[in-house]
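A.B. asks: Submitted below is the structure of interest, expressed as C-alpha cells.
The values are calculated or read from the model by the stated rules, or taken from the named source; none is laboratory data. The shown structure was predicted, so the numbers you read here are calculated from the model rather than taken from an experiment. Virtual Cβ from ideal backbone geometry, glycine too; neighbours counted across all protein chains shown. Ligands, DNA and RNA are excluded from the accessible area calculation, which covers all protein heavy atoms including side chains. Shrake-Rupley method; radii C 1.70, N 1.55, O 1.52, S 1.80 Å.
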Amino acid sequence: MTGLTIHDRIALQDLVHRYAEAVDERDFPRAAALFTGDGVLELPNPPATLDPVVSHTGIDAVTAALGAVAAVPVTFHAIVGAVFDPGPTAATATGRVTCIAHHLTRRHDRDADLVWHIIYRDHYRSTHTGWLLARRSLHVAFIESRPVAAMRAPGPTG
C-alpha cells in the first residue's frame, strides 16, 4: 500500500464535489463522466431499503440511473465530510464521503424537503485524465422530512 499525496487528496476532494454539483445542476452526463468506463453506481431504494440494492455499470447505465433525479424539482447536495485512504496500489484509493442531500418537492400543495443523510462508500482509480470513481455505493443513514417556506424555481442559478 502506498500513500496519497496532498495533490491526490485535493483531486479526490474536487471529484466528489464536482459529482454533487453536476447532479444538482442536472448535468447527468457530466456526473457520469466522473466514473471510469466500467464504473459502478450502487443505489438503495428508499425508504424500503437504505443500503444499495441495484447496480448500474458503465457510463450509459450511470447516466440513466442519475436521470431519475430529474423527477425532483430541486436538489442540494452538501458534502459535510470526506476521508480518503490509499488503495492496494498507487493508482487506487477508497473514500467515505458524508453528504446531506435535500430533495425539494411539492406535496399536498406545499413545498417539502426530503432530506437524505448519505454515506458514499467510494473506490477511486487514477487514470491518464485524473482520479475517477470506479465504484460509488450510496447508503442512506436516515431520512427526514421538513417543511419549506420558499423554493427557487428549478434551473441553474449562475
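A.B. asks: For the condition surrounded by fewer than 19 Cβ atoms within 10 Å (Cβ to Cβ) and under 11 Å from the mean Cα position of the chain (by Cα), what is the one hit in ARG18, ARG9, ARG26?
C.D. replies: ARG18
A.B. asks: Can you work out which of the residues in the stretch 29-64 that are farther than 24 Å from SER126 by Cβ and not in a strand (DSSP E or B) is least open to solvent (accessible area, probe 1.4 Å)?
C.D. replies: PRO46
A.B. asks: Among the listed residues ASP109, ASP85, ASP27, identify the single one that is out of contact with any Leu (no Cβ under 8 Å at 6 or more places or on another chain), at pLDDT 95 or above and acidic (Asp, Glu).
C.D. replies: ASP27
A.B. asks: If a residue must be without any contact (Cβ under 8 Å) to a residue 60 or more places away in the chain and either part of a strand (DSSP E or B) or surrounded by fewer than 17 Cβ atoms within 10 Å (Cβ to Cβ) (or both), how many such residues does the stretch 65-105 contain?
C.D. replies: 24
A.B. asks: For the stretch 36-64, enumerate the residues that are free of Cβ contacts under 8 Å to residues at least 60 places away in the same chain and in contact with a Gly (Cβ under 8 Å, 6 or more places away or on another chain).
C.D. replies: GLY37, THR57, GLY58, ILE59, VAL62
A.B. asks: What residue, of THR98, THR127, THR75, is under 18 Å from ASP8 (Cβ atoms) and polar (S, T, N, Q)?
C.D. replies: Result: THR127 is the single residue among THR98, THR127, THR75 that is under 18 Å from ASP8 (Cβ atoms) and polar (S, T, N, Q).
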